[in-house]
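Shown below is the structure under consideration.
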Amino acid sequence: MEMERKKFYITTPIYYVNAEPHIGHAYTQIAVDAIARYHKMLGDEVFFLTGTDEHGEKVEEASLKAGLEKGREKEFVDGIVVNFKKVWDALDIKYDYFIRTTDKDHKEVVREFLNEMKKKGDIYQGEYNGWFCTPCETFWADAQISGGVCPDCRRPVERIREKNYFFRMGKYQKWLVEYINDNPRFIMPEYRKNEVLGFLREELNDLCISRPKKRMSWGVELPFDSNYVVYVWFDALLNYVSGLKARRKFERFWPADFHVIAKDILRHHAVYWPIMLKSMGMSLPGTIFAHGWWKLGEEKMSKSRGNIVSPLRLIEKYGVDPVRYFVLKAVRLGLDGAFSEDALAGMYNTDLANDLGNLLNRTLTMVEKYFGGLSPQVPDSAGDEEQQKRSGRIRDAVRALFPAIKERLLSPGLLLKETLEEIMSVVGKANKYIEESAPWKYAKQGNTEAIEFIIADLLEVLRAAAIGLLPFMPRTARTMWNQLGLEGDIEDKLDEGELSGLKDPSGWRRFPSGTRVAKGEPLFPRI
């Protein structure tokens, strides 16, 4: 009887469509794509949700600035959404569903939640008298504002006094603090958890969840009062439910295993969202993971500051896989990263051209030179004792690789950078192995068996590296697989036992002898 596959549900935030996507958006997508791909490699049943947040005052303003009169906001967002999908396709992002908050299915879920919460008494009408930051779409109390600017983005806030609808967040404050303390992996990294707990030390105000249509009409209409539309964050957070329901996947995949977001929207996800779910009696996500920002110099990269970097331009210049590799390897997920094109080019040349590409090219060149392009039979002995030791060290590195990858990628800390470092460490050891073993010296001695052993070791390293890199650099992994002459699609040849480290380690050699390699152009020509 076949065992049921584990479910794995992972999400990105949905992106605001008031401007084009930049490398900060791409960072989240690439990280989540790599995690989702790895779980698919393990045989898990994966649902990867992404999409766009299309309502709110910022979108309404951007539509007007684009020359469209009020009421034509949908035309504006339709044009922007196409660009997001184009960038995700260029980055090789393989999501399972793209949710839009203008979708009919999504609006129905929003209205369903609002009606149910109102029946429970968690929504009431009152007067809002406080501050609102339009760029952040965030309400602020008097005690949180200093100097008339938003605490998050440092831009001017607007004083609002009007009748609105509120969600009773305050009544759930004690419960939320206890839940966070009892579930240490609920908010990751841990220092982000501490930030949220610090915020919750202050009294939690009820959340204003509506905007009068006379002020802003671009949103989902409240089902119980047609004079109001829903506050954009309340609308947006529900995409994690509506995306599943639109595909009839809710019963199978809820709750989410990971919501991966940027740190500037942590409070919305770690305070508003769990309380909304608690009000509805629903299970909470396993982990909310907040990564850092990409900065240019000391400034956060953002559309409003005009300092964005286009992913499409980087892809055109360096290729998609080097861009994916750089953003995941340059900084630990969770910390801020300083973007520099010089750093990208430097990592391209050192890691990809000098190390990975060079290892593949040198190995295949030797297969052609010494064995006519066919992978050799593996002799019983590596030759002399020193060579036997060198081979043993490479063997141990390859044996340890897949268990190490699994430990890092299944960690709640999502150790993507550390996983790439582990893979590239094995690549580096293999390059050093060539220099120490010096197969050309054995060739002069006529010691074919020693060369066979060395080349067999190197081919095994390259096979393992291709598999290890598949979630991060899928095109590169397939190119390596093809140049190694291995049959079929790499994704169809994955062995869940090997990936989990469950295979007998004594049988570490899996590269078939007699395979004709297909050396092609260098993987990464130096820049």
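Just to verify a result, which residue in region 105-139, among those that are in a loop (DSSP other than H, G, I, E, B) and out of contact with any helix residue (DSSP H, G or I) (no Cβ under 7 Å at 6 or more places or on another chain), is surrounded by the most Cβ atoms within 10 Å (Cβ to Cβ)?
Cys136
May I pose another question? Of the residues that make up region 3-22, is at least one part of a helix (DSSP H, G or I), in contact (Cβ under 8 Å) with a residue 12 or more places away in the chain and in contact with a helix residue (DSSP H, G or I) (Cβ under 6 Å, 6 or more places away or on another chain)?
Taking every residue of region 3-22 in turn, none turns out to be part of a helix (DSSP H, G or I), in contact (Cβ under 8 Å) with a residue 12 or more places away in the chain and in contact with a helix residue (DSSP H, G or I) (Cβ under 6 Å, 6 or more places away or on another chain).
Can you pull out every residue in region 192-220 that is of a type in the set (A, V, I, L, M, F, W, C) and over 29 Å from Gly334 (Cβ atoms)?
Passing the criteria: Cys208, Ile209, Met216, Trp218, Val220.
I'm trying to understand the selection: among the residues of region 241-277, which are without any contact (Cβ under 8 Å) to a residue 24 or more places away in the chain and basic (Lys, Arg)?
Hit for region 241-277 is Arg248, nothing else.
Going through region 424-445 one residue at a time, which ones are among the β-branched types (Val, Ile, Thr) and farther than 17 Å from Gly392 by Cβ?
Result: Val427, single match.
Something else about it: Among the residues that make up region 231-240, is at least one of them over 18 Å from Ile123 (Cα atoms), crowded, with 17+ Cβ neighbours inside 10 Å and touching a residue at least 24 places away in the same chain (Cβ under 8 Å)?
Scanning region 231-240 turns up at least one residue that is over 18 Å from Ile123 (Cα atoms), crowded, with 17+ Cβ neighbours inside 10 Å and touching a residue at least 24 places away in the same chain (Cβ under 8 Å).
Applying the selection to region 108-140, what residues are among the hydroxyl-bearing types (Ser, Thr, Tyr) and out of contact with any Cys (no Cβ under 6 Å at 6 or more places or on another chain)?
Within region 108-140, Tyr124, Thr134, Thr138 qualify.
Looking only at region 324-365, how many residues end up being among the hydrophobic types (A, V, I, L, M, F, W, C), in contact with a Lys or Arg (Cβ under 8 Å, 6 or more places away or on another chain) and surrounded by fewer than 21 Cβ atoms within 10 Å (Cβ to Cβ)?
Here the count works out to 5.
Also, quick follow-up: Can you tell me which residues in region 199-226 are touching a Phe, Trp or Tyr at 6+ places or on another chain (Cβ under 7 Å), over 21 Å from Ile275 (Cα atoms) and in a loop (DSSP other than H, G, I, E, B)?
Lys213 - this is the single residue of region 199-226 that is touching a Phe, Trp or Tyr at 6+ places or on another chain (Cβ under 7 Å), over 21 Å from Ile275 (Cα atoms) and in a loop (DSSP other than H, G, I, E, B).
Looking at Phe167, Phe139, which is the one that is touching a residue at least 60 places away in the same chain (Cβ under 8 Å) and under 16 Å from Ile275 (Cα atoms)?
Going through Phe167, Phe139 in turn, the sole match is Phe167.
Something else about it: If you check Ile93, Ile123, which single one turns out to be among the β-branched types (Val, Ile, Thr), touching a residue at least 60 places away in the same chain (Cβ under 8 Å) and within 30 Å of Pro403 (Cβ to Cβ)?
So the residue among Ile93, Ile123 that is among the β-branched types (Val, Ile, Thr), touching a residue at least 60 places away in the same chain (Cβ under 8 Å) and within 30 Å of Pro403 (Cβ to Cβ) is Ile93.
Can you report the number of residues in region 475-527 which are aliphatic (A, V, I, L, M), modelled with pLDDT of 90 or more and closer than 16 Å to Ala465 by Cβ?
The qualifying residues number 7.
Looking at region 125-149 only, could you name the residues that are out of contact with any Gly (no Cβ under 9 Å at 6 or more places or on another chain) and acidic (Asp, Glu)?
Glu127
Do we have Arg390 as in a helix (DSSP H, G or I), surrounded by 18 or more Cβ atoms within 10 Å (Cβ to Cβ), in contact with a Ser or Thr (Cβ under 6 Å, 6 or more places away or on another chain) and modelled with pLDDT under 95 here?
Here the answer is yes, as Arg390 does meet what is asked.
Does region 66-80 include one or more residues that are among the hydrophobic types (A, V, I, L, M, F, W, C), in contact (Cβ under 8 Å) with a residue 24 or more places away in the chain, assigned to a strand (DSSP E or B) and farther than 19 Å from Asp264 by Cβ?
For region 66-80, residues among the hydrophobic types (A, V, I, L, M, F, W, C), in contact (Cβ under 8 Å) with a residue 24 or more places away in the chain, assigned to a strand (DSSP E or B) and farther than 19 Å from Asp264 by Cβ: absent.
Of these, Leu469, Leu458, Leu416, which one is hydrophobic (A, V, I, L, M, F, W, C), in contact (Cβ under 8 Å) with a residue 12 or more places away in the chain and either farther than 17 Å from Thr363 by Cβ or in contact with a strand residue (DSSP E or B) (Cβ under 7 Å, 6 or more places away or on another chain) (or both)?
Leu416
I'd like the full set of residues that are in a strand (DSSP E or B) and polar (S, T, N, Q), limited to region 140-192.
Residues satisfying the conditions are Ser146, Asn164.
Here is a further query. Regarding Met424, is this residue buried (at least 24 other Cβ atoms within 10 Å of the Cβ), touching a residue at least 12 places away in the same chain (Cβ under 8 Å) and more than 16 Å from Phe511 (Cβ to Cβ)?
Here the answer is no, as Met424 does not meet what is asked.
The values are calculated or read from the model by the stated rules, or taken from the named source; none is laboratory data. Since the structure is predicted, the reported quantities are computational estimates derived from the model, not experimental observations. All Cβ positions, even for glycine, are placed from backbone atoms using ideal geometry, and neighbour counts span all protein chains on display.
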